[in-house]
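A.B. asks: Pasting a structure below so you can have a look.
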Amino acid sequence: MIIKLEILKEAEVDILEGFNFYELQQLGLGKYFIDSIFSDIDFIKISAGAHPIENEHHKILSKKFPFAIYYTLSKSGQTVKVNAVIDCRRNPAWVRRKLKR
């Protein structure tokens, strides 16, 4: 069971950028994006570690939007850190560079 889930500042910025993109597409869609992403993040609390590892991070795909949530799990398995929330349409080389920072 996960005791702590932390969303890093970089991931918060990613989520805000996604919100802004979708809100420009249609009023209210940005809020739906945020609600959906946080629902996906909440799912990590009960499924942490069960997702494939890519670029040294666990990766879970959003159920509603073309985004991937990258997270790390502490050695104790008690803490999850959400490191990035990235649009899956990004160049894979760009994603690798972002996750290495």
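A.B. asks: Right, residue 64: touching a residue at least 40 places away in the same chain (Cβ under 8 Å), closer than 15 Å to residue 15 by Cα and not small (Gly, Ala, Ser) or not? Full working, then the answer.
C.D. replies: On the way: touching a residue at least 40 places away in the same chain (Cβ under 8 Å): no; closer than 15 Å to residue 15 by Cα: yes; not small (Gly, Ala, Ser): yes.
For residue 64, the condition - touching a residue at least 40 places away in the same chain (Cβ under 8 Å), closer than 15 Å to residue 15 by Cα and not small (Gly, Ala, Ser) - is not met.
A.B. asks: Moving to a separate point now. How many of the residues making up the range 60-86 are of a type in the set (A, V, I, L, M, F, W, C) and in a loop (DSSP other than H, G, I, E, B)?
C.D. replies: Counting residues in the range 60-86 that are of a type in the set (A, V, I, L, M, F, W, C) and in a loop (DSSP other than H, G, I, E, B) gives 1.
A.B. asks: Restrict the check to the range 41-59 and report whether at least one residue is in a helix (DSSP H, G or I) and charged (D, E, K, R).
C.D. replies: Looking only at the range 41-59, we keep the residues that are in a helix (DSSP H, G or I), and these are 41-47.
So of that shortlist, the ones also charged (D, E, K, R) come out as 42, 45.
Yes: the range 41-59 contains one or more residues that are in a helix (DSSP H, G or I) and charged (D, E, K, R).
A.B. asks: Quick check on the range 14-37: of everything there that is among the small types (Gly, Ala, Ser) and within 13 Å of the chain's Cα centre (by Cα), which residue is farthest from residue 99 (Cα to Cα)? Walk me through it before giving the result.
C.D. replies: As a first pass, look at the range 14-37 and keep what is among the small types (Gly, Ala, Ser): 18, 28, 30, 36.
Retained after the next criterion (residues that are within 13 Å of the chain's Cα centre (by Cα)): 18, 36.
On the way: 18: 17, 36: 22 Å.
Per the criteria, the residue is 36.
A.B. asks: Taking residue 56, is it in contact (Cβ under 8 Å) with a residue 40 or more places away in the chain and more than 13 Å from the chain's Cα centre (by Cα)?
C.D. replies: yes
A.B. asks: Then there is this: Check 2, 41, 46 and return the single one that is at pLDDT 95 or above and either surrounded by 12 or more Cβ atoms within 10 Å (Cβ to Cβ) or not acidic (Asp, Glu) (or both). Write out each step before concluding.
C.D. replies: Working: 2 fails: at pLDDT 95 or above; 46 fails: at pLDDT 95 or above.
One residue alone meets the criteria, 41.
A.B. asks: When only residues in the range 6-38 that are over 16 Å from residue 66 (Cβ atoms) and of a type in the set (Val, Ile, Thr) count, which is surrounded by the fewest Cβ atoms within 10 Å (Cβ to Cβ)?
C.D. replies: 13
The values are calculated or read from the model by the stated rules, or taken from the named source; none is laboratory data. Predicted model, so just to flag it, every value in this text is computed and none were measured. Cβ sites come from the backbone with ideal geometry, for glycine too, and all protein chains shown count toward neighbours.
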